[in-house]
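The values are calculated or read from the model by the stated rules, or taken from the named source; none is laboratory data. Values in this document were obtained by computation on a predicted structure and should not be read as measured data. Here the Cβ is made from the backbone with ideal geometry for all residues, glycine too, and neighbour counts use every protein chain on show.
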Amino acid sequence: MRVTTLSAAEPRPRQIAVGEFDGVHLGHREVIRGSDTVLTFEPHPLRVIRPEAAPKLLTSLEVKVELIAELGVEELVVIPFDEGFARQSPADFVDHVLVQGLRATRVSVGENFRFGHRAAGHSGMLVADPRFQTRVVPLVELDGELVSSSHIRALVLTGEVDLAARFLGAPFQLRGEVVVGDRRGRELGFPTANLVPDEALVCPGHGVYVARANRACAAVSVGVRPTFGTGRAVLVEAHLLDRQVDLYGHSLRVDFIQRLRGERRFESADELVTQMQLDVRRAREVCGEQ
C-alpha cells in the first residue's frame, strides 16, 4: 500500500473511504470495503479543535497504516490536520480535496461523518453532489451494541479486551521499545519484557492478562506493582512463556487476549510467586484454547 499526502497524490480517479478510522474497527472496515483509497487525518481533529476533549487513541498512525494495508487498500492519503485545515469550509473540502485533489468517483463515509469548519458538513451534502457517487454506511451493530471507537476505548480501559477484540475484528495491541524495569520479575523467576505505555494511546486497565507478545504466549501485568511500592508509573510487563530472549532495546508487540484478574497487593513475595504460577498456568491454557 502506498502512503502519501494530498499534494503528492498522483492524478487519477479514485474510490475513496474517508474518516479518522481510529482502531480500524468493524464499522470502519465496512466503510473502507470496496475502496481503493483511504483518506484520513493526523493528528486526531479534536487535538486541534478542542484539545481538552481529545481522546486517547486506540492506534498510533503506524499501526493504523498497517491495519488498513491488511484490508487490500492500494493507497492511504494522510492529511495533516492543523488550524488552517480546520477552518476550511465543507464546500472547500469537497472541491479542493475530494474533487480536485483526489478526483473522487465514489466517496464512502459512515453515516455520522462530519467535515469542514465547525463540522458543518454531513453525508447528505456528499450524496447531493453530482460529481461523484456517495456510499453512506449505517452504523454497525454487534450483539446489540454500536461499534464505535469510543465504546472500544471504554472496553479496553476496563480490561474487557476480549470484547474489544470482537468489535475491532482483531486483538487490541500495544507496541513499544523494551525498557529496563526493576528486574524484580527475574529475581522471582518470571523475567519480563517491559513497555512504558504511550500517553497518547489507550492502555488496558490495571490487571493481569493473557496475550501474545511477539507471537509468543505471555502473561502480562499492567499496573504499578503495588506489592513492592515502587512508586513508579504504569508499566506493561510481559512474561513470555517458554521463551527466554533478551529483548532490551528491541520492539515488542503485545496483542491482548483476555483479562485474568485485577491488580492486587500481596503480603509477601512468596504469595505473589504462587499467584504468578497460577497466572502462567491459566495463560498457557487460554493460549492452547485458541
Problem set entry | Residues (under 20 Å from H151 (Cα atoms) and of a type in the set (G, A, S)) located in the stretch 10-44 | G19, G23, G27
For this session: Say whether the condition of being more than 18 Å from L6 (Cα to Cα) and of a type in the set (S, T, N, Q) is met by at least one residue in the stretch 56-74.
Result: yes
Seminar exercise, completed: Only one of L67, L76 is assigned to a helix (DSSP H, G or I) and either at positive phi or not basic (K, R) (or both), namely L67
For this session: For V48, indicate whether it is surrounded by 14 or more Cβ atoms within 10 Å (Cβ to Cβ), touching a helix residue (DSSP H, G or I) at 6+ places or on another chain (Cβ under 9 Å) and under 12 Å from L6 (Cα atoms).
Result: no
Exercise. Which is surrounded by fewer than 16 Cβ atoms within 10 Å (Cβ to Cβ), free of Cβ contacts under 8 Å to residues at least 24 places away in the same chain and not hydroxyl-bearing (S, T, Y), of E70, E83, E74?
Worked result: E70
Problem set entry | Condition check for L46: at pLDDT below 95, of a type in the set (A, V, I, L, M) and not in a loop (DSSP other than H, G, I, E, B) | yes
Problem set entry | Restricting the stretch 1-32 to residues that are in contact (Cβ under 8 Å) with a residue 12 or more places away in the chain and charged (D, E, K, R), the residue that is surrounded by the fewest Cβ atoms within 10 Å (Cβ to Cβ) | R12
For this session: Please specify each residue of the stretch 244-290 satisfying the condition of being among the basic types (K, R) and surrounded by 15 or more Cβ atoms within 10 Å (Cβ to Cβ).
Result: R253, R259, R282, R284
Exercise. If V38 satisfies every condition in (1) without any contact (Cβ under 8 Å) to a residue 24 or more places away in the chain; (2) crowded, with 16+ Cβ neighbours inside 10 Å but one, which is the exception?
Worked result: (1)
For this session: Being part of a loop (DSSP other than H, G, I, E, B) and under 16 Å from V280 (Cα atoms) is the filter; apply it to the stretch 216-250 and report the residue that is modelled with the highest pLDDT.
Result: L241
Exercise. Is it the case that some residue within the stretch 110-123 is of a type in the set (K, R) and assigned to a strand (DSSP E or B)?
Worked result: yes
For this session: Please go through the stretch 1-32 and pick out each residue that is closer than 19 Å to I152 by Cβ and either of a type outside the set (G, A, S) or not assigned by TED's automatic domain parsing to the domain that holds V109 (or both).
Result: E20, F21, D22, V24, H25, L26, H28, R29, E30, V31, I32
Exercise. Just for the stretch 161-182: of the residues that are buried (at least 17 other Cβ atoms within 10 Å of the Cβ), part of a loop (DSSP other than H, G, I, E, B) and at pLDDT below 95, which one is farthest from the chain's Cα centre (by Cα)?
Worked result: G181
Exercise. Which of the following residues is aliphatic (A, V, I, L, M) and under 21 Å from V38 (Cα atoms): V161, V65?
Worked result: V65
Problem set entry | Matching residues, the stretch 105-147, being in contact with a Leu (Cβ under 9 Å, 6 or more places away or on another chain), in contact (Cβ under 8 Å) with a residue 40 or more places away in the chain and buried (at least 16 other Cβ atoms within 10 Å of the Cβ) | V107, V109, G110, F113, F115, V140, V147
Exercise. Quick one: is Q88 at pLDDT 95 or above, exposed (fewer than 15 other Cβ atoms within 10 Å of the Cβ) and over 20 Å from the mean Cα position of the chain (by Cα)?
Worked result: no
Seminar exercise, completed: Among (1) under 23 Å from L155 (Cα atoms); (2) in contact with a strand residue (DSSP E or B) (Cβ under 9 Å, 6 or more places away or on another chain); (3) not β-branched (V, I, T), R47 falls short only on (2)
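Okay, residues lined up against (1) in contact with a Phe, Trp or Tyr (Cβ under 6 Å, 6 or more places away or on another chain); (2) not charged (D, E, K, R):
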position	(1), (2)
D95	no, no
G101	no, yes
H117	no, yes
E141	no, no
V147	yes, yes
A164	yes, yes
A170	no, yes
